[in-house]
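Report on the following structure.
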Amino acid sequence: MAAQLIESNRQGAEIFYGDEICRQKIVDLLVAHRLPSGLIPLKDVTEFGYNKSTGFFWAKQKNKIEHKFHAIGKSPTYEQELSAYVEEGKMKKITGVKGKELMISFNIVEFSVDEKNHEKLNFVTAIGAKKVFPFSAFELQK
């Protein structure tokens, strides 16, 4: 499904290749939309694309990774292909990100900054379950 979305959004998209520039473009996109700079900690990124007119972005990395966010003790999995629609303070229709609770994996389909408390980040799974974490837990460490 992600592959079809990527292909349909290539027209008019800015596309970058190579790990360093792609990781920087991901951070730039997150910050520009008031999302935490470390929310998408990919490695060995081969391609990043962003279609500003639709808000759709994608990233491809060489391998699936698991990243530990130490501040909250959670380790989501990021698939080789990740895509989403991004807007101010929100990422929706996410593909390629999974969280785990009590040994059960869930697709994470939305991240959003809490409207009442901008220091909180809401996560929504495909089954509608919601978790709230501190915004700061997903910022890049300097």
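The values are calculated or read from the model by the stated rules, or taken from the named source; none is laboratory data. Remember, predicted model here, so these are calculated numbers, not experimental data. Cβ: placed from backbone, ideal geometry, glycine included. Neighbour counts: every protein chain shown. Note: accessible area is taken over every heavy atom of the protein model, side chains too, but ligands, DNA and RNA are not part of it. Shrake-Rupley method; radii C 1.70, N 1.55, O 1.52, S 1.80 Å.
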- [ ] Let me know the charge dipole size of region 39-128 about its Cα centre in debye, to the nearest 20, where only the beta-carbon of Lys, Arg (+1) and Asp, Glu (-1) is charged.
- [x] 180
TODO: Could you point to the residue in T95, L30, Y17 farthest towards the positive end of the chain's charge dipole, with +1 and -1 charges on the Cβ of Lys/Arg and Asp/Glu respectively?
DONE: T95
Task: Three-way shape call for region 32-78 based on the alpha-carbon gyration tensor, with the a/c threshold at 1.5 - done: oblate
Task: Reach of K68 by Cα under 24 Å, taken over lysines that are not fewer than 8 positions away in the same chain - done: K25, K43, K60, K90, K92, K93, K98, K100, K120, K130, K131, K142
Task: Which label in [x] 54, 46, 25; [y] 55, 43, 33; [z] 38, 33, 31 gives the computed Cα extents along the principal axes in Å - done: [z]
TODO: Please calculate the 1.4 Å probe accessible area of E7, with all protein chains present, and give it to the nearest 10 Å².
DONE: 110
- [ ] Largest first and in whole Å, give the semi-axes of region 54-108's equivalent ellipsoid, each being the square root of 5 times a Cα gyration tensor eigenvalue.
- [x] 21, 14, 11
Task: J(HN,Hα) series, region 121-132, from Karplus relation 6.51 cos²θ - 1.76 cosθ + 1.60, nearest Hz, glycine and proline x - done: 10, 8, 10, 10, 9, 4, 8, x, 5, 10, 10, 10
Task: Estimated 222 nm signal from helices in the chain, with DSSP H stretches of n ≥ 4 weighted -39500 (n - 2.57), rounded to 500 - done: -4500 deg cm²/dmol
